[in-house]
Structures are given as C-alpha cells and as structure tokens.
Amino acid sequence: MLERKKTINILIGTMAVAMVVTGVIILRPHTSPTAQTEPVSQGQEPHKTDFGAGAPTDFPTDIPVEKGAQVQQSYGLDYAGQKQLTMVFLSSKTVKENYFLYAGFLKTQGWNVSNTYQKSALSSLYGTKGDTSVNVTISENTMTAPAKSQVSISVLKQ
C-alpha cells in the first residue's frame, strides 16, 4: 500500500512539472532572434514588380547566378522602408553543390550566416550584412530535365 502511494505521488509530481514546463513554453513571448524587419503597416500591400526572365533591378550583381540558367521567377516587392528582390532559377548543379557554392560565397564575402539547413533534397542559408539580408533556398528538381535543382534567392534591403 505504501509503495502504491509513493508511485501515485511520483506520477502527480511528474504531471505537475510537465504542466508548468508546458505553460512556460506556451506563454512565453515568441520572437525570432534573426528577424530584424519591421512589420508593414496594416492595410498597406507591398508593390510588386515582375522582371520576367531577367534579374530584378538592383539585384546584387556579386551574388552568383548560374550562367544560362532558366529563370522561373524574378520580382521585387516594395514595402514601407524596405525592398525585397527575389530570383528563382533552375540549376544544372545538385542541391549539395549549390549549397556549398552559396555557403562559400557568403563566407568569403563577409556575410554573417545565422541560419543553415542542409539535407539532400532541400537546403537553405540565411545571412545578413549591414542592412541587407539574404535567404538562399535550394530544392531538388525532379520535374524538368536536365536541371537538378531549383535555387531561390531573396534579398531584403532595409
């Protein structure tokens, strides 16, 4: 009987601790340490400019883009006080090859890389430099031969 009471008390104590931990996690403010953008004012939609098959105007020329790549998307979004430039293209390189290309580029060009993800079918890098941030996402392409991957580069200038 004493052993059973002990077990019940341990279970009740464990459940109480779990509830407190869950409450702390749920109730704490959720912030992203890398997000440094200001929210767009309510009611203001960004102005989108489509650039067709070329790079967006003002897209940084030092960011490597595969020569002869088929551009799938190219656009700019103008927000209050900031501008996003995005280019998406098909690449003859694998996800892994592109990951190391962009990781090396960001490192040698002095970008502060604060977030990375690397898997065989999907990889990404996020870096900042001054008032500019860049997000590179590389995904496996299984639809359009001979392209092996799709590269999406978004630059946010504040």
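The values are calculated or read from the model by the stated rules, or taken from the named source; none is laboratory data. This is a predicted model, so every value here is computed, not measured. In this analysis, Cβ positions are derived from the backbone assuming ideal geometry, glycine residues included, and neighbour counts consider all displayed protein chains.
When TYR102, TYR79, TYR126 are screened for being crowded, with 16+ Cβ neighbours inside 10 Å, within 22 Å of ASP58 (Cβ to Cβ), at pLDDT below 95 and of a type outside the set (D, E, K, R), only TYR79 passes.
Listed here are the residues, each with its yes/no results for (1) out of contact with any His (no Cβ under 7 Å at 6 or more places or on another chain); (2) more than 14 Å from GLN84 (Cβ to Cβ); (3) in a strand (DSSP E or B).
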site	(1), (2), (3)
ASN98	yes, yes, no
LEU101	yes, yes, no
SER114	yes, yes, yes
GLY127	yes, yes, yes
ILE138	yes, yes, yes
THR144	yes, yes, no
LEU156	yes, no, yes
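When the range 129-149 is filtered for residues that are hydroxyl-bearing (Ser, Thr, Tyr) and either under 23 Å from PHE59 (Cβ atoms) or touching an Asp or Glu at 6+ places or on another chain (Cβ under 6 Å) (or both), the ones remaining, listed by number, are THR132, SER133, THR137, SER139, THR144, SER149. Go through the residues of the range 56-72 one by one and say whether even a single one is part of a helix (DSSP H, G or I), modelled with pLDDT under 95 and loosely packed, with under 11 Cβ neighbours inside 10 Å. The answer is no, given that none of the residues of the range 56-72 is part of a helix (DSSP H, G or I), modelled with pLDDT under 95 and loosely packed, with under 11 Cβ neighbours inside 10 Å. Whenever a residue of the range 135-158 is touching a residue at least 60 places away in the same chain (Cβ under 8 Å), its partners that are among the acidic types (Asp, Glu), lying with C-beta atoms within less than 7 angstrom and at least six residues away or across chains, give the pairs LYS157/ASP131; GLN158/ASP131. For the range 94-107, check the following and say yes or no: at least one residue is under 17 Å from THR137 (Cβ atoms) and polar (S, T, N, Q). Yes, that holds for at least one residue. Looking across the range 129-143, just one residue is surrounded by fewer than 12 Cβ atoms within 10 Å (Cβ to Cβ) and either among the small types (Gly, Ala, Ser) or touching a Cys at 6+ places or on another chain (Cβ under 8 Å) (or both), and that is GLY130.
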